[in-house]
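Asker: Below is a structure I'd like to ask you about.
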Amino acid sequence: MFSSGFTFLFSPLFAALVVPPIILFIKGVKAGGNRRRVAICIAVSIACIILAAGIKFVYDINHVIGTYNGYDSDEIVIDGVTYVEDYANDYSASDKGHYLGSVVYIKNDQEKDPKFVWDIKGTDEYIYVLFAYDGTIYKKAG
């Protein structure tokens, strides 16, 4: 249901940023290139990896996966599946797994106040939701 945090390694953006400098580096080493050219290729490769990781981070923070209905709402809807607050469970914030994205409150056709969502390790029934400093466990309804 949810994707791994490492899927960006296979994305076209990552490949476009990282593969060309690596190819230049390999060609430079095989051709007996000078140290300066090899050092420049290494620096460009590192800069591209940092850039790709930064783009992935920004995408994850802004990736909206669902909605909630008001500030005190005890329901979240993600891909048509409703989750409700559940205080009678054996999970805590230390059980959160992969970051899934954010859910937003939509008012007057504008997205407001994201809540950040993680899956819970070992189960598809629960998610961990963080809003400001307050984290809550939600369970699939029904």
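The values are calculated or read from the model by the stated rules, or taken from the named source; none is laboratory data. Fair warning: this is a prediction, and the values are worked out from it, not measured in the lab. Here the Cβ is made from the backbone with ideal geometry for all residues, glycine too, and neighbour counts use every protein chain on show. Note: areas computed on protein heavy atoms with side chains; ligands, DNA, RNA excluded. Shrake-Rupley method; radii C 1.70, N 1.55, O 1.52, S 1.80 Å.
Asker: Based on this model, can you work out whether LYS27 counts as surrounded by 13 or more Cβ atoms within 10 Å (Cβ to Cβ), among the charged types (D, E, K, R), part of a helix (DSSP H, G or I) and at pLDDT 70 or above?
Answerer: no
Asker: Can you tell me which condition ASP79 does not meet? The list is (1) within 30 Å of ALA16 (Cβ to Cβ); (2) under 14 Å from the mean Cα position of the chain (by Cα); (3) open to solvent by 30 Å² or more (accessible area, probe 1.4 Å); (4) not small (Gly, Ala, Ser), and all the others hold.
Answerer: (2)
Asker: Further question on the same structure: Could we say that ALA88 is aliphatic (A, V, I, L, M) and without any contact (Cβ under 8 Å) to a residue 12 or more places away in the chain here?
Answerer: Here the answer is yes, as ALA88 does meet what is asked.
Asker: Looking at the range 107-124, which of its residues are at pLDDT 85 or above, among the charged types (D, E, K, R) and open to solvent by 80 Å² or more (accessible area, probe 1.4 Å)?
Answerer: The answer is LYS121, ASP124.
Asker: Among what's in the range 40-76 and is part of a loop (DSSP other than H, G, I, E, B) and either out of contact with any Lys or Arg (no Cβ under 9 Å at 6 or more places or on another chain) or among the hydroxyl-bearing types (Ser, Thr, Tyr) (or both), pick the residue that is most open to solvent (accessible area, probe 1.4 Å).
Answerer: Among those that are part of a loop (DSSP other than H, G, I, E, B) and either out of contact with any Lys or Arg (no Cβ under 9 Å at 6 or more places or on another chain) or among the hydroxyl-bearing types (Ser, Thr, Tyr) (or both), it is ASP72.
Asker: For the range 109-142, which residues satisfy the criterion of being part of a loop (DSSP other than H, G, I, E, B), farther than 14 Å from ASN69 by Cβ and over 18 Å from the mean Cα position of the chain (by Cα)?
Answerer: ASP109, GLY122, THR123, GLU125, TYR133, GLY142
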